[in-house]
Amino acid sequence: MLYDGFLCIALLIVVGFIYKLIQMAIYGEAQLRQWADAGALDHDPLLASLLLLSLFAFFAKFWTHGGQTLGMQVWGIRVQNADGTAISLWQALLRFLIAMLSWLALGLGYLWTLVDKRKRSWHDLYSDSVIVRLPKHAHRR
């Protein structure tokens, strides 16, 4: 999660920067500065939505195409269906949303792996997916 976290931070910075550049091109620097000074840009629902959508797109792309984010590749794990097939976009959405809820619940959804006999987290359970450890030769290149 740490490796993917760094990638996600970089993604959010880039998306936020592009968003601000587009805003500046539309409204101009002076208008944006005036709105910022007035606090009108403190809670931008469009930016928040774009950032959330960007994060989902990041995970969904990797999970549905190969089953591994870059961090998962390093650790030799993959998300997949029980039969070994790639998860669907719907499953990726469920994983993403439930993983966020797990964090909001102070990590309880992740700690659930200590209780579950098959070592599944909440997002594994709700998306009907599994995390598998790959043989060492399969994830080293």
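A few remarks follow.
- Helices (runs of 4 or more DSSP H) fully within the range 53-133 counting 1 or more residues that are within 27 Å of residue 10 (Cα to Cα) and under 12 Å from the mean Cα position of the chain (by Cα): 70-75, 89-104
- Some residue of the range 9-27 being closer than 26 Å to residue 131 by Cβ, loosely packed, with under 14 Cβ neighbours inside 10 Å and at pLDDT 95 or above: yes
- Pairing each residue of the range 36-49 that is within 19 Å of residue 17 (Cβ to Cβ) with any residue that is surrounded by 10 or more Cβ atoms within 10 Å (Cβ to Cβ), provided the two are 6+ apart or on different chains, yields C-beta distances under 7 Å for 41/35; 47/16; 47/19.
- Criterion: aliphatic (A, V, I, L, M) and closer than 17 Å to residue 7 by Cβ - qualifying residue of 89, 101, 70, 97: 70
- Among the residues of the range 28-76, those that are surrounded by 13 or more Cβ atoms within 10 Å (Cβ to Cβ) and hydroxyl-bearing (Ser, Thr, Tyr) comprise 54, 64, 69.
- Within the range 88-104, tally of residues that are of a type in the set (A, V, I, L, M) and in contact with a Phe, Trp or Tyr (Cβ under 6 Å, 6 or more places away or on another chain): 3
- Test result for residue 54, closer than 21 Å to residue 120 by Cα and out of contact with any Ser or Thr (no Cβ under 6 Å at 6 or more places or on another chain): no
The values are calculated or read from the model by the stated rules, or taken from the named source; none is laboratory data. Nothing here was measured: the structure is a model prediction, and the numbers come from that model. In this analysis, Cβ positions are derived from the backbone assuming ideal geometry, glycine residues included, and neighbour counts consider all displayed protein chains.
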